[in-house]
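Below is one structure, written out as structure tokens, with a few remarks after it.
The values are calculated or read from the model by the stated rules, or taken from the named source; none is laboratory data. All values reported here derive from a predicted model rather than from experimental measurement. For neighbour counting, all protein chains shown are included, and Cβ atoms are generated from backbone atoms with ideal geometry for every residue, glycine included.
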Amino acid sequence: MINAKEDRGFHKDLKSRQIQMMAIGGAIGTGLFLGSGARLAAVGPAIVLVYAVCGICAFMVMRALGELIMHRPTTGSFVSYSREFFGEGLAFYSGWIYWLHWAMTAIADITAAAVYMNFFKHYIPILDGIDQWTFALAALIFVLSANMLSVKVFGELEFWFSLIKVAALCVFLVVGIGFVIFGTPINGITPGLDLISSHGGFFPNGWFPALLTVQGVIFAYASIELVGTTAGEAANPQQAIPRAIRGVVARLILFYVGGIALLAMLLPYTAYKAGESPFVTFFSSINVQGSDLIMNLIVLTAVLSSLNAGLYATGRILHSMASAGSAPAVFGRINRLGIPYNGILLTAAVAAVGVWLNAVMPSRVFEFALSLSALGTMSSWFVILLCQLKLWKMASRGLLERPSFRMMGAPYTGIFTLLFLVAVIVLLAFDYPFGSLSVAGFASVSLILALTWQIRKMLMKRRDPMII
């Protein structure tokens, strides 16, 4: 069922350059800037292969989403498509799961921003007496204000956030490639492919550690699906969205796979460590003063970008659900600036709980929030792939026409990607304690949502016996 009300009142103010940069920057965050250091240290150069395989999965999801967008651009993204192809039950489930994912991610983001601000106390003495929760509150107020002004402000802020991340990676690639080409020694070690073979080879710790990191790496690609939400507010979605999605795969290969491969060729994998950006490790090794300060500023930008995108997405998703009756009607309101303000405020209110958690348990709140949000990305990717498969099936029966921008190799590529995601969830379940707790928590929340939907449908049927 297509909901004609869900896109009313939105302003078509997102420009092509903003959407393209959001598509690029959406997949570049702390998973690359910070988390890749720990994975390099644990797995060795084989982590490059893991990033490549997960990148292929992410690209397939993007292509599936692109076909859906060209079929019908909407701010409701995959929640709207699940409603059209599978009914309101799946839309209710996927929408609330996605909202919960971003609400928990918002808590993790403001916590990460606060932790990174603690770093600057060494450089700015006036910050020394400020508690971590104050930094978390400041980050939330800043990003919330940007989301409440207009979609133009959101798009411009996200454009510059993404541009900073991309520029930083380009600088690293140029400098790093220069060291490899000219064989300039770093701490007495010559960069290049020989560095990998001389330190235990491609799998220095065996293949099993590499297998266990798959679930962590795939979450590093989270947020790529946000381009679907921007479609309903794009000035020219038929041109902007395909162009953005086509560019994503090349940039994912360049920045993720290329960047990690370059890190592996510049220093031994044992030089990297958890809790420190591998880019800081490299620039510190070549005696670039202030590299830790610059990189922490960039990582802070990446976190604020994630929080910014999360508030934007949840406002639009809740609006789509409210317009169909799967969320309270209050979340369907849009102000004169085209902002679904109540949905954004709800997510911000949950994030505000994170401010309190930063005051009472600052050392544990990040892992607490992250463990609750980990499977949200997986669920949204599942729904996107299922909807594309349903679109393909209906088109093969002549019930509708597939757009020219399509998921290549359908339906086989979609089925294969779904099976890959199932395998990742199985791996995650064996990753004790946080992985196991995440899967158990996700199953519990899914059961609660299923029961809630059945109760809601039963109440609606009492009011209207014609409802199936």
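Which ones in segment 57-73 are part of a loop (DSSP other than H, G, I, E, B) and either touching a strand residue (DSSP E or B) at 6+ places or on another chain (Cβ under 8 Å) or at pLDDT 90 or above (or both)?
Pro73
Ala113 - would you say it is in a helix (DSSP H, G or I), on the phi < 0 side of the Ramachandran plot, at pLDDT 85 or above and of a type in the set (A, V, I, L, M)?
no
Please determine, by comparing only the residues of segment 256-279 that are within 12 Å of Leu32 (Cα to Cα) and buried (at least 22 other Cβ atoms within 10 Å of the Cβ), which one is modelled with the lowest pLDDT.
Selected residue: Ser277.
For segment 43-56, which residues satisfy the criterion of being in a helix (DSSP H, G or I) and buried (at least 21 other Cβ atoms within 10 Å of the Cβ)?
Val43, Ile47, Val48, Val50, Tyr51, Cys54, Gly55
Working only within segment 360-417, note down all residues that are aromatic (Phe, Trp, Tyr) and modelled with pLDDT of 95 or more.
Once the filter is applied, which keeps residues that are aromatic (Phe, Trp, Tyr) and modelled with pLDDT of 95 or more, segment 360-417 yields Trp392, Tyr412, Phe416.
Taking the stated definitions as given, is Gly76 at pLDDT below 85, more than 16 Å from the chain's Cα centre (by Cα) and crowded, with 24+ Cβ neighbours inside 10 Å?
Against the criterion (at pLDDT below 85, more than 16 Å from the chain's Cα centre (by Cα) and crowded, with 24+ Cβ neighbours inside 10 Å), Gly76 qualifies.
Does any residue in segment 239-254 that is under 14 Å from Ile56 (Cα atoms) come within less than 6 Å, Cβ to Cβ, of a residue that is of a type in the set (A, V, I, L, M, F, W, C) and in a helix (DSSP H, G or I) six or more places away or on a different chain, and which pairs are these?
Within 6 Å, the pairs are Ile245/Met62; Val248/Ala23; Val248/Met62; Val249/Phe59; Arg251/Ile24.
I'd like to know if segment 25-42 contains one or more residues that are at pLDDT 65 or above, part of a helix (DSSP H, G or I) and more than 24 Å from Leu297 (Cβ to Cβ).
yes
Have a look at Leu357, Leu297, Leu304, Leu311 and point out the one that is surrounded by fewer than 21 Cβ atoms within 10 Å (Cβ to Cβ), closer than 30 Å to Lys121 by Cα, modelled with pLDDT of 85 or more and among the aliphatic types (A, V, I, L, M).
Of the residues listed, the single one that is surrounded by fewer than 21 Cβ atoms within 10 Å (Cβ to Cβ), closer than 30 Å to Lys121 by Cα, modelled with pLDDT of 85 or more and among the aliphatic types (A, V, I, L, M) is Leu297.
Which of (1) modelled with pLDDT under 85; (2) over 22 Å from Phe279 (Cβ atoms); (3) not small (Gly, Ala, Ser) does Phe161 not meet, given it meets every other one?
Result: Phe161 fails condition (2) only.
Which of (1) under 20 Å from the mean Cα position of the chain (by Cα); (2) over 21 Å from Leu447 (Cβ atoms); (3) at pLDDT 90 or above does Tyr93 not meet, given it meets every other one?
(2)
Would you say Pro209 is closer than 30 Å to Asn308 by Cα and not hydrophobic (A, V, I, L, M, F, W, C)?
Judged against the criteria, Pro209 is not a match.
Does any residue in segment 167-179 that is over 17 Å from Arg251 (Cα atoms) come within less than 9 Å, Cβ to Cβ, of a residue that is outside any helix (DSSP H, G or I) and among the β-branched types (Val, Ile, Thr) six or more places away or on a different chain, and which pairs are these?
Close Cβ pairs satisfying both conditions: Val175/Ile286; Val175/Val288; Gly178/Thr184; Phe179/Ile186; Phe179/Ile286.
Quickly run through segment 339-353 and pick out the residues that are in contact with a Gly (Cβ under 6 Å, 6 or more places away or on another chain) and either assigned to a helix (DSSP H, G or I) or among the small types (Gly, Ala, Ser) (or both).
Within segment 339-353, Gly343, Ile344 meet the criteria.
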